[in-house]
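Here's the structure, in structure tokens; my notes come after.
The values are calculated or read from the model by the stated rules, or taken from the named source; none is laboratory data. Predicted model, so just to flag it, every value in this text is computed and none were measured. With ideal geometry, Cβ positions are generated from the backbone for all residues, glycine too; neighbour counts draw on all protein chains shown.
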DNA sequence: TTGACATTGGACAGCGTTGTCTGATTTATT
DNA sequence: AATAAATCAGACAACGCTGTCCAATGTCAA
């Protein structure tokens, strides 16, 4: 249930877009997501091929490669934010909430792992930070709540905890992909380690 | 003190290389390290420019871009391994040893953060694993020692602990770079979090 | 000093990429 | 059925990059 109707990702804010145009845009973004996950330097031709569309069509909706990357990132952040907020980070005890939210989020987060790397080198740090807002704004209160209750350690800044948890989540998916650790056990390891790292000294 | 004399990185195993050739090779590898850290797709021209050398000279020693990347990676792994082993991971209590080793290693590790990303997409997982051996072989016994003594949790695999610590170290340098957290405090945060994550449940 | 090695500066072909354009064709909307 | 929007198929120029080559010059080693 994405809100492709109300507000489109690209610059194309022309109110009247035909249904096939919407479909194309969705295909292109999905295709870009796949292609860029496999190869950060995937070409517009490759993306178009995956989308089952001709290259000119891509340029119809995304006048430049940059603009496509922007749209893809916005889409990805939205997906993650959706998964995160769907797990209701404001409900229940902080520890349980964190476990719940992490389990719901980390797979999706790992899908966009490569994408994050692309944007890290593409955008200035401040821009990156700004765009991650939709996700961050969900996690920050959860961590803070845990600190106030004394179940998460307060001698380290929230920003650090956040970065740390995210890093561990990425590490988890990297381990799964490389086959070094059983897929079934890595999620539990992720949870256990994150909670342990957050627990008061 | 790099061992550029005994065993050269590239294919050039011709025993007799002149001193200026050695110097060029060293410059090129250093330049490549810098350039690739800034931009994973830095061109041979850019690398040559940084090395203060003409492009043809680079191709003299590294017949292909691939071979240069290989050499750079070998050099980087060597650097990290040197920093790690210099902190004597086999000495003292595991917890103290880990702190000592981490403090000595993590800056250097973060210098090669981008490089790691390059190679992750460039090489198959098995190759990557093989090449990281020189560093891994230093960390594994340290973690195992801590597990046997009961000061590190044993309900999670060593491979996981390793991946996790590495991820946290990278997160630490990313935070410093982005300016979100004070540089002075991030090292302590790294240590505190890593030890906390490793401590038995 | 001499001869072999190394570097320079420049030119070159081949390739893949981005971005533009056009004219014909298909598809959605009313 | 008519109109406007979107897609297709393909060509095109401009650009940057890799890798090769060469002739002239500089530098090391014995």
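For segment B:1-34, which positions are crowded, with 18+ Cβ neighbours inside 10 Å and modelled with pLDDT under 95?
Across segment B:1-34, the qualifying residues are B:8, B:9, B:10.
Please go through segment B:20-59 and pick out each residue that is touching a residue at least 24 places away in the same chain (Cβ under 8 Å), farther than 16 Å from residue B:111 by Cα and within 11 Å of DNA strand D (Cβ to nearest atom).
The answer is B:21, B:24, B:44, B:57, B:58.
Scanning segment B:18-47 for residues that are within 12 Å of DNA strand C (Cβ to nearest atom) and within 14 Å of chain A (Cβ to nearest Cβ), which turns out nearest to the chain's Cα centre (by Cα)?
B:41
Filter segment B:187-201 down to the residues that are assigned to a helix (DSSP H, G or I), surrounded by fewer than 22 Cβ atoms within 10 Å (Cβ to Cβ) and at the interface with chain A (Cβ under 7 Å from one of its Cβ atoms) and list them by number.
B:192, B:196
Hey, residue B:105 hits all of (1) away from chain A (no Cβ under 14 Å); (2) within 29 Å of residue B:39 (Cα to Cα); (3) without any contact (Cβ under 8 Å) to a residue 60 or more places away in the chain but one; which does it fall short on?
The one condition residue B:105 does not meet is (3).
Taking residue A:78 as the residue in question, decide whether it is more than 20 Å from residue A:24 (Cα to Cα) and at pLDDT 95 or above.
No.
I'm trying to understand the selection: among the residues of segment B:143-165, which are at the interface with chain A (Cβ under 7 Å from one of its Cβ atoms), in a helix (DSSP H, G or I) and surrounded by fewer than 21 Cβ atoms within 10 Å (Cβ to Cβ)?
Matches in segment B:143-165: B:159 only.
Mind listing just one residue for me: the one in segment B:48-68 that is more than 12 Å from DNA strand C (Cβ to nearest atom) and surrounded by 15 or more Cβ atoms within 10 Å (Cβ to Cβ) and, of those, farthest from the other protein chains (Cβ to nearest Cβ)?
B:67
Kindly check whether there is at least one residue in segment A:114-135 that is facing chain B (nearest Cβ under 7 Å), part of a helix (DSSP H, G or I) and surrounded by 18 or more Cβ atoms within 10 Å (Cβ to Cβ).
Yes; the residues of segment A:114-135 include at least one that is facing chain B (nearest Cβ under 7 Å), part of a helix (DSSP H, G or I) and surrounded by 18 or more Cβ atoms within 10 Å (Cβ to Cβ).
Could you list all residues from segment B:67-97 that are without any contact (Cβ under 8 Å) to a residue 24 or more places away in the chain and within 13 Å of DNA strand D (Cβ to nearest atom)?
none
As an exercise: evaluate residue A:168 against (1) buried (at least 23 other Cβ atoms within 10 Å of the Cβ); (2) more than 8 Å from chain B (Cβ to nearest Cβ) and give the number of the one condition it does not meet.
(2)
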